[in-house]
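As structure tokens, the structure follows; a few thoughts come after it.
The values are calculated or read from the model by the stated rules, or taken from the named source; none is laboratory data. Just so you know, these numbers come straight off a predicted model, no measurement behind them. In this analysis, Cβ positions are derived from the backbone assuming ideal geometry, glycine residues included, and neighbour counts consider all displayed protein chains. We work out accessible area using only protein heavy atoms, side chains counted, and drop any ligands, DNA or RNA first. Shrake-Rupley method; radii C 1.70, N 1.55, O 1.52, S 1.80 Å.
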Amino acid sequence: MRPKHFTITVILAALSCVAAAEKAPDTGRMEQIVQSYVSAKQFMGSVLVAQGNDIVLDKGYGFADLEWNVPNSPTTKYRLGSITKQFTAASIMLLEERGKLSVNDPVKKHMPDAPGAWDKITIFHLLTHTSGIPNFTSFPDYASKEPFPATPEQLVARFRDKPLDFVPGEKYSYSNSGYVLLGYLIEKISGESYAKFVQENIFTPLGMKDSGYDSNSAIILRRARGYSMGPSGIVNASYVDMSTPLSAGGLYSTTEDLWRWEQALFGGKVLSAASLAKMTTPNTGDYAFGLMVHTVRGRKVIEHNGGIEGFNTALRYFPEDKLTVIVLGNQNGGVPDAIGGSLASVAHGEKVTLISERKEVHLDPKVFDGYTGRYQLTPDFMIAITRVGDKFFLQATAQAQVEIFAEGERDFFLKAADAQVTFATDGTGRAIELILHQNGRDQHGKRVGDVPPVKEHQEVAVDPKLFDGYVGQYDYAPGMVMNITREGDRLMAQLTGLQKVELHAEGGRDYFVKEVDVQITFVPGTDGRSTEIVVHRSGLDENAKRIGDALPPKEEKEQKVLTIDPKVLDGYVGTYQLAPTFAITISREGGRLFEQATNQPTFEIFPASEKEFFLKVVDAQITFVTDSSGRTTSLILHQGGQNVPARRIE
């Protein structure tokens, strides 16, 4: 009998090995995905993928220091940005376990001099971004203050007397102020600095020897330099004094140390089971304590990403199969989040298709009529789908309109971004839901109505003196600013990357654009000066807060036009992605080069040098960035004081 049992055991073991082999993640495909961003000069950093106790991928890409050609590795140290918040939340939970506080305590219990407006704010509100305290990193003067050192008290002073954005607990609004305040409270309650508390209570006990609070002056071995895109390619990132992010984004670590953290946190070595459950229970906006917790394609995921000058990061954990995906980058941009989502999909055996691999198919344009409409994905995020002739367009809140292309009867993709859309229909072929697939996530949006038809606008005369209260810069979307200026008796608007247009009054605060179906409403403050604008288009209402004075008109000067070999121009032809739904297409006609931005006319661009071009119809310039082989990998759009990088996608 024993041999039989032995035979059965061997067979079962063999079957188990076969099953394991079948489920083994495709590391070759993972490597291909990462390299697609590396070769486009969109990513430098380190990546770690682990399943349970087994590391699947652990590698560095690009350089920790470009000037010395020092490569990134699994032990390179990166600023974490907002991944710091989960360590802050865990510190609060440790203090609660020790009886030093309760997350339900009013802030005022531990900060007696807190302003009256904070009377109803609790520590729970700070942890979940539901306090209503405005985000100090969005203040107009933030950029002028971040290079200078500040104590926790001085940081809190920047926002303590500001009015609340909403009643505490009423809604979710991401606020770095809340997490800076948590760090301030940790110091007050523990009697230690935030850096010391995290080091002694988390990093040292867990053996995280390559983690700590970052410093501008200390010598930190194997620390990466941070980079961003400048006028002529990659440049050193702008300076931020590391006292400023504090407990909202001041820590550094490595991929391997963060894996140790994930194993310890979810292995019960940091907090009690009750505290961990409390920390990972999602609240409004799917935000728990320092972590996002939601379901992606039927799987629970606990995650957070981060961004700070020169660095972007992403950390995901899937508790059901103990999958960890960590992407730390020392080049600004949203690529780490995109890489993390794709690697998680591959690890789960799902198909990942790169933009360059998608194939367009022809559909009867009449099919599109069943899909047009407005879709609500979140309370603050909507997508409008429209048809213009034989073309189909998508426009998301605070995004430019972009064409989408069919790869199936209900499946469409963007060429301007790595995103796809699926329509769910009823029995008549009419869409009832839209699903946006991006960065490994599926966002569902119920159809909430038709896109309103274009209405007639009647221009009225207003006193041009009103315009003086409206001029300024407005934060329209990441990397995109609406610049409102006055030119004599005319009010002008220019969005980053687009041509300047005149605004025509149909009321004292309401204006419209004649060239496209766009309207703008100015929201004045008590002094009559506009504090924000609301942009109306395709049935969407998009708010943009005022962030500064209008940029003055640039002095006109004649630029010399050079003659460039058409073969060189051919190397620039392609499509370049500036934002998720905004791209620039470069084309050549003979010895002339042209650019066309999403949903905009085509304009000729003129060479000022072999790689630098300018437009004559608008004050904008374009620089092409090439790799060591001479292949163009990206461009940089210079307009309105902004330098907006765009990677080549085809």
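Side notes on the structure shown:
- Top-ranked residue of segment 198-226 - restricted to ones that are of a type outside the set (A, V, I, L, M) and part of a helix (DSSP H, G or I), ranked as nearest to Ala89 (Cα to Cα): Asn201
- Per the conditions (1) within 30 Å of Lys300 (Cα to Cα); (2) crowded, with 19+ Cβ neighbours inside 10 Å; (3) β-branched (Val, Ile, Thr), the sole criterion not satisfied by Thr496 is (1).
- Take the conditions (1) touching a residue at least 60 places away in the same chain (Cβ under 8 Å); (2) part of a strand (DSSP E or B); (3) among the hydrophobic types (A, V, I, L, M, F, W, C); Val451 misses just one of them, which is (2).
- Check on Gln376, within 22 Å of Gly539 (Cβ to Cβ), modelled with pLDDT under 90 and outside any loop (DSSP other than H, G, I, E, B): no
- You will find that of Met229, Met242, the residue that is open to solvent by less than 10 Å² (accessible area, probe 1.4 Å) and either outside any helix (DSSP H, G or I) or free of Cβ contacts under 8 Å to residues at least 24 places away in the same chain (or both) is Met242 and no other.
Let's see how each residue does on (1) out of contact with any Phe, Trp or Tyr (no Cβ under 8 Å at 6 or more places or on another chain); (2) within 17 Å of Ser46 (Cα to Cα):
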{"site": "Thr284", "(1), (2)": "no, no"}
{"site": "Phe289", "(1), (2)": "yes, no"}
{"site": "Thr295", "(1), (2)": "yes, no"}
{"site": "Gly306", "(1), (2)": "yes, yes"}
{"site": "Asn312", "(1), (2)": "yes, yes"}
{"site": "Leu315", "(1), (2)": "yes, yes"}
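- Scanning segment 616-637 for residues that are closer than 24 Å to Gln401 by Cα, open to solvent by 20 Å² or more (accessible area, probe 1.4 Å) and modelled with pLDDT of 85 or more returns a single hit, Gln621.
- Scanning segment 436-465 for residues that are open to solvent by 70 Å² or more (accessible area, probe 1.4 Å) and not acidic (Asp, Glu) gives Gln443, His444, Lys446, Val448, Pro453, Val454, Lys455, Gln458, Ala461, Lys465.
- Residues of segment 394-422 that turn out to be closer than 11 Å to Ile383 by Cβ and either of a type in the set (Asp, Glu) or at pLDDT 90 or above (or both), as a count: 3
- Neighbours by Cβ (under 6 Å, 6+ apart or cross-chain): first from segment 137-159, in a loop (DSSP other than H, G, I, E, B); second of a type in the set (Asp, Glu) and surrounded by 14 or more Cβ atoms within 10 Å (Cβ to Cβ): Pro147/Asp241; Phe148/Asp241; Pro149/Asp241
- Scanning segment 420-435 for residues that are surrounded by fewer than 14 Cβ atoms within 10 Å (Cβ to Cβ) and in contact (Cβ under 8 Å) with a residue 40 or more places away in the chain yields a single hit, Thr428.
To keep it simple, each residue is scored yes or no on (1) within 20 Å of Leu80 (Cα to Cα); (2) within 26 Å of the chain's Cα centre (by Cα).
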| residue | (1), (2) |
| --- | --- |
| Asn135 | yes, yes |
| Pro147 | yes, yes |
| Glu153 | no, no |
| Val156 | no, yes |
| Phe159 | no, yes |
| Leu206 | yes, no |
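- Selection status of His110, under 13 Å from Phe289 (Cβ atoms) and open to solvent by 10 Å² or more (accessible area, probe 1.4 Å): no
- Residue that is nearest to Val451 (Cα to Cα) [pool: residues in segment 380-434 that are part of a loop (DSSP other than H, G, I, E, B) and in contact with a Gly (Cβ under 6 Å, 6 or more places away or on another chain)]: Arg430
- Qualifying residue in segment 609-619 (condition: part of a strand (DSSP E or B), touching a strand residue (DSSP E or B) at 6+ places or on another chain (Cβ under 8 Å) and more than 13 Å from Tyr572 (Cβ to Cβ)): yes
- Residue match in segment 176-189 (condition: open to solvent by less than 40 Å² (accessible area, probe 1.4 Å) and modelled with pLDDT under 95): no
- Asn305 at pLDDT 95 or above, surrounded by fewer than 22 Cβ atoms within 10 Å (Cβ to Cβ), of a type outside the set (A, V, I, L, M, F, W, C) and under 16 Å from the mean Cα position of the chain (by Cα): yes
- Residue in segment 142-149 that is among the polar types (S, T, N, Q) and either open to solvent by less than 30 Å² (accessible area, probe 1.4 Å) or within 30 Å of Leu206 (Cβ to Cβ) (or both) present: no
- When residues of segment 274-300 are limited to those that are more than 22 Å from Gly183 (Cα to Cα) and part of a loop (DSSP other than H, G, I, E, B), the one modelled with the highest pLDDT: Gly298
- Members of segment 316-353 that are open to solvent by less than 20 Å² (accessible area, probe 1.4 Å) and either closer than 17 Å to Gln577 by Cα or acidic (Asp, Glu) (or both): Gln331, Val335, Pro336, Ala338, Ile339
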